[in-house]
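Nothing in this text is a laboratory measurement; each read-out follows from the coordinates by a stated rule. This structure is a prediction, so every number in the text was calculated from the model and none was measured. Because the Cβ atoms are built from the backbone with ideal geometry, glycine has one as well, and the counts that use them run over all protein chains shown.
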Amino acid sequence: MHILYKMVQDKLAVVGRHDFVKLAGYRNIAKGLRHLDKFLASGDAPDFFIIRLRDAVGLAPEECDVAIAEHRKVLREKEEREQEAYLRSVFKPHLIVGTDGSSQAPVFMKIFLSHRRTIYLPEDKLHEEKVAEIVRDHFAKHKGYMEAFGKITCYIFRPIYDESIIFGIDGSVLERVNRPLWGPTGFSVAEKWPNDSDQHFQERTRERLKIISISCNGWNPPALFLVPR
């Protein structure tokens with residue numbers, strides 16, 4: 001753990017938990033203890049509580065900032081590994097329907113209907129010729145438009161986790177990318193991972209709600225995808 005964590009532990013050994021949260025400026029001891037327990041579990045806390053801890057143990061602000069930044073980087077990297085391992089474990093071949101975002105539907109409706117943008121494929125439909133047929137049939141069935149999302153601009157075929165193939169609306173292959181293009185469903189509800197602080201969770205959620213565009217051989221149809229940070 002980082003230097004602030006060690007200094008807090010040392011101070012706790014001397015003054016005890018209740019007196020320590022008083023030193024941190026808390027009149028509401030129970031509230032202070034809840035924040036302290038979260039910090040001791042993960043080594044991180046919201047910035048306002050980090051400042052209180054720093055002042056209570058007499059750690060220089062610059063030294064504290066460096067230590068916390070490095071620790072948070074470690075937590076983010078660990079979180080990303082855990083998330084990727086989970087996504088790999090549940091991965092199934094699928095198509096993602098790319099849209100231009102022209103619909104004026106509210107965000108909650110986009111989230112509620114996001115599953116409609118993912119088409120899971122059986123093993124006998126994983127050949128590109130079969131996928132092209134599915135693309136053309138889907139585009140014709142929906143008349144080129146997805147409710148709550150707008151005009152269909154492309155389809156992203158993900159046969160394996162580390163590969164994405166972008167199809168045009170006519171079933172032609174536009175681009176091959178050796179990485180996953182997110183969602184998989186365009187929108188997904190952010191999950192809180194083990195040892196994930198409230199601040200990290202909020203930061204990650206904000207990042208995931210960014211709207212980006214994907215490039216198809218120089219043609220840039222805007223599509224709603226979540227940025228994995």
> Given (1) in contact with a strand residue (DSSP E or B) (Cβ under 7 Å, 6 or more places away or on another chain); (2) in a loop (DSSP other than H, G, I, E, B), where does VAL135 come up short, assuming only one miss?
Replying inline: (2)
>> Return the residues of segment 26-85 that are closer than 20 Å to LYS6 by Cβ and either hydroxyl-bearing (Ser, Thr, Tyr) or touching a strand residue (DSSP E or B) at 6+ places or on another chain (Cβ under 8 Å) (or both); say none if nothing qualifies.
In response: SER42
>> Can you find a residue that is touching a Pro at 6+ places or on another chain (Cβ under 7 Å) and in contact (Cβ under 8 Å) with a residue 40 or more places away in the chain anywhere in segment 54-63?
In response: yes
